[in-house]
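S.K.: First, the structure itself, so that you have it in front of you.
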Amino acid sequence: MKDLKGIKGKFYIASLIEEGEHEHQDFKFAISDARKIARSISAFANNDGGRLLVGVKDNGVIAGVRNEEDIYVVEQAAEMYCRPSQKIRVTAFKTEADKVVFRIEIDRAERRPVVVLEANGVSHAYYRVKDENILAPDLLVRAWMAAAESDGCVISLSDAERCLLGMMEQGPTALEDFMLSAHVSRATAEDMVIRLHSMNLLDFHYDGKGFRLSSANDAMQE
């Protein structure tokens, strides 16, 4: 049985709330839909991890957890609706006026993509961008799947792949710009992107409108 009474954390929770919602933090006033929470878990796990603060309104006001059963809905989301299932860590904090806030921590997935089993039987992967959970593009999902099966070894590169690496050294690159520069089809370009990602040479950069291609070294420095 979890200890849901809460440890003292008034100032700690206040400091987290002051950060606002961002790439690694989301506020949840209440928990009612396990699949909706699974999308948040998927989005954090497919990025670099994050946390949910349950009992906090979108505007940062602490309402407190209204139903202790909320935590079991979150566990259901992580175990039943996420594939592969995800481990979460739950800590209850006692804040102002003895209101309890749950901090739910989600780690970056060891194996991506983490997908959500939707009600219509389709599986979708999500990704956290700023304060939103977005559908991960198909190319990104395919790249994750290839990387999960790869040993990461670099083998010989084609001239077109070297061209893409050179373009990314100048900054994040649109797939279409690479296609024009290398004179390759979209299908060929996407295969090269997936291959370079599986070699840990390429990553994906979100510029506010969409994903661009970037050097894996640049992504690690961000």
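S.K.: Taking amide H positions as placed 1.01 Å from N in the peptide plane, with prolines and chain starts having none, which residues 5 or more places from Val100, or on another chain, fall under 5 Å of its amide H?
M.R.: Amide H to amide H, under 5 Å and 5 or more residues apart or across chains, Val100 pairs with Val65, Thr95.
S.K.: Continuing with the same structure: For the stretch 52-192, what is the relative contact order in percent, using Cα pairs closer than 8 Å and at least 6 residues apart in sequence?
M.R.: On the way: 139 pairs, mean separation 20.9, N = 141.
After rounding, I find 15 percent.
S.K.: Normalised by the number of residues in the stretch 139-204, what is the relative contact order in percent for Cα pairs under 8 Å and 6+ residues apart? List each step's numbers first, then the result.
M.R.: Numbers: 47 pairs, mean separation 36.2, N = 66.
Computed value for the stretch 139-204: 55 percent relative contact order.
S.K.: Another question about this same structure. If the elastic network links every pair of Cα atoms under 10 Å, which of Gln170, Gln25, Gln76 fluctuates the most in the Gaussian network model of the chain?
M.R.: Evaluated over the chain, the most mobile residue of the options is Gln170.
S.K.: So which GluC sites (Glu not before Pro) in the stretch 74-146 are both in a DSSP loop and have at most 13 other Cβ atoms within 10 Å of their Cβ?
M.R.: On the way: sites: Glu75, Glu79, Glu96, Glu105, Glu110, Glu118, Glu132; in loops: Glu110, Glu118.
In loop regions of the stretch 74-146 (DSSP not H, G, I, E or B), the sparsely surrounded GluC sites (Glu not before Pro) are Glu110, Glu118.
S.K.: Treating only the Cβ of Lys, Arg, Asp and Glu as charged (+1, +1, -1, -1), what charge dipole size does the stretch 35-122 show about its Cα centre? Round to the nearest 20 debye.
M.R.: 220 debye
S.K.: Now for a separate question. Hey, what angle do you get for helix 138-149 against the long axis of the chain, alpha-carbon based, 0 to 90 degrees rounded to 10?
M.R.: Its long axis makes an angle of about 90 degrees.
S.K.: Volume per residue, Å³, of the convex hull around the alpha-carbon atoms of the stretch 120-222? Walk me through the numbers before you get to the answer.
M.R.: Values: hull volume 12.1 nm³, N = 103.
Convex hull volume per residue, Cα atoms: 118 Å³.
S.K.: Residue farthest toward the positive end of the dipole of the chain, with Cβ of Lys/Arg at +1 and Asp/Glu at -1: which of Ala63, Asn120, Thr188?
M.R.: Ala63
S.K.: A further question on this structure: Let me know the number of lysine pairs in the chain closer than 14 Å at the Cα, not counting same-chain pairs under 8 apart.
M.R.: 10
S.K.: Quick one: which residues, 5 or more positions from Leu202 or on another chain, have an amide H under 5 Å from its amide H? H modelled 1.01 Å from N in the peptide plane, none for Pro or chain starts.
M.R.: His197, Ala216
S.K.: If Lys and Arg each add +1 and Asp and Glu each add -1, what is the summed charge of the other residues whose beta carbon sits under 12 Å from the beta carbon of Pro84? Display every interim value, and only then the final one.
M.R.: Details: positive: Arg83, Lys87, Arg111, Arg112; negative: Glu79, Glu110.
Overall, the nearby charge balance is +2.
S.K.: Alpha carbon centre of the stretch 174-196 versus the stretch 32-54: separation in Å?
M.R.: Cα centres, the stretch 174-196 to the stretch 32-54: 32 Å.
S.K.: Need one number: nm distance between label points at Thr188 and Glu21, each 7 Å from Cα along Cα→Cβ, rounded to one decimal.
M.R.: Result for the modelled spin labels: 4.4 nm.
S.K.: If N is the number of residues in the stretch 85-146, what value comes out of its Cα radius of gyration divided by 2.2 N^0.38 Å?
M.R.: Values: Rg = 15.7 Å, N = 62, 2.2 N^0.38 = 10.6 Å.
This ratio for the stretch 85-146 stands at 1.48.
S.K.: So what's the angle, to the nearest 10 degrees on a 0 to 90 scale, between helix 70-80 and the longest Cα principal axis of the chain?
M.R.: 30 degrees
S.K.: Then there is this: Please report the antiparallel percentage of the DSSP beta bridges confined to the chain, to the nearest 5. Don't skip to the answer; put the middle values down first.
M.R.: Working: 29 of 35 bridges.
So the antiparallel bridges amount to about 85 percent of the total.
S.K.: Taking the chain as a Gaussian network, where each spring joins two C-alpha atoms under 10 Å apart, which residue of Ile37, Ile194, Ile88 fluctuates the most?
M.R.: Ile88
S.K.: 5 Å is the cut-off here: which amide hydrogens, built 1.01 Å from N in the peptide plane, fall below it relative to Val115, excluding neighbours closer than 5 in sequence?
M.R.: Arg83
S.K.: Restricting to DSSP H runs of at least four residues, report the calculated mean residue ellipticity at 222 nm for the chain, -39500 (n - 2.57) per run over all residues, nearest 500 deg cm²/dmol.
M.R.: So the helix-based figure for the chain works out to -11500 deg cm²/dmol.
S.K.: Which whole-Hz ³J(HN,Hα) couplings does the stretch 172-180 yield from phi under the Karplus relation 6.51 cos²θ - 1.76 cosθ + 1.60, θ = phi - 60°, glycine and proline marked x?
M.R.: x, 10, 6, 4, 5, 5, 5, 4, 5
S.K.: Also, I was wondering about something else. Pulled fully out, how much extra length does the chain show between Ser32 and Glu68, if you take 0.36 nm times their separation in residues and subtract their Cα-Cα distance? Spell out each step's value before the answer.
M.R.: Values: separation 36, 0.36 × 36 = 12.96 nm, distance 1.17 nm.
Full-extension gain reported as 11.8 nm.
S.K.: How many percent of the accessible area of the chain is carbon or sulfur, using a 1.4 Å probe? Numbers along the way, then the final one.
M.R.: Working: 5700 of 11940 Å².
Within the chain, the accessible surface is 48 percent carbon and sulfur.
The values are calculated or read from the model by the stated rules, or taken from the named source; none is laboratory data. The shown structure was predicted, so the numbers you read here are calculated from the model rather than taken from an experiment. Every residue, glycine among them, receives a Cβ derived from its backbone with ideal geometry; neighbour counts consider all protein chains shown. For accessibility, only protein heavy atoms count, side chains too; no ligands or nucleic acids. Shrake-Rupley method; radii C 1.70, N 1.55, O 1.52, S 1.80 Å.
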